[in-house]
Every structure is written in C-alpha cells, then in structure tokens.
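*Asks:* Have a look at the structure that comes next, please.
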Amino acid sequence: MPGKCTFKEGWLSNRQFSIWIERGKSSGQARCKVCSKDFDIQNMGEAAVKSHMKSKKHIDAVEGKVIIVSLASSYSFDNR
C-alpha cells in the first residue's frame, strides 16, 4: 500500500540485502551500510530497496569495498 511501507526484519536475513542493509532513522527508512545513505521506503517498500541495490552509486561502492578487501587479504600483516 503506497505511503504505508515500513522496514521489514526479514530483509536483515535476505541474502540479497543482509550484508548492506540496516534500519534507518525511522520505520519508513532503510540505511545502506556500504553507501552510508538513508533512503525512503515508505512508498515503494522492497522495490525501493532493490532500486537502491541496483543504483550506480551502490554498485560502485560495493565494487570498491571488494577491491579493498582483496588488496588487504593479499598482504601479510605478520610482524616477523
């Protein structure tokens, strides 16, 4: 129902969303941990979550995090 969508706890265990989504400041918002962005879900609900996930900014941010993790794991932090 438009204007009545709220954050769904199930998103926190959904494979597509669980790594990057968390509750926003209100029940009508979600927060992307990767982009550090709150976005409105009141009107579109899960469609807004999927829309954010497919956005260029989100995709670029995810790819950037993967590169950083890959680089970090290729270095040894052993102090021998």
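*Asks:* Of all residues in the stretch 1-23 being more than 11 Å from the chain's Cα centre (by Cα) and within 25 Å of Asp60 (Cβ to Cβ), which is surrounded by the fewest Cβ atoms within 10 Å (Cβ to Cβ)? Break it down stepwise before answering.
*Replies:* Going residue by residue through the stretch 1-23, those that are more than 11 Å from the chain's Cα centre (by Cα) are 1-10, 13-15.
Keeping just the survivors that are within 25 Å of Asp60 (Cβ to Cβ) gives 7, 14-15.
Numbers: Phe7: 21, Asn14: 13, Arg15: 6.
Only one residue fits best here, namely Arg15.
*Asks:* Can you tell me how many residues within the stretch 24-34 are open to solvent by less than 20 Å² (accessible area, probe 1.4 Å) and under 19 Å from Gly64 (Cβ atoms)?
*Replies:* The qualifying residues number 1.
The values are calculated or read from the model by the stated rules, or taken from the named source; none is laboratory data. Computed from a predicted structure; not experimentally measured. Positions of Cβ are generated from backbone atoms using ideal geometry, with glycine treated the same way; all protein chains shown enter the neighbour counts. Heavy atoms of the whole protein, side chains included, go into the accessibility calculation; ligands, DNA and RNA do not. Shrake-Rupley method; radii C 1.70, N 1.55, O 1.52, S 1.80 Å.
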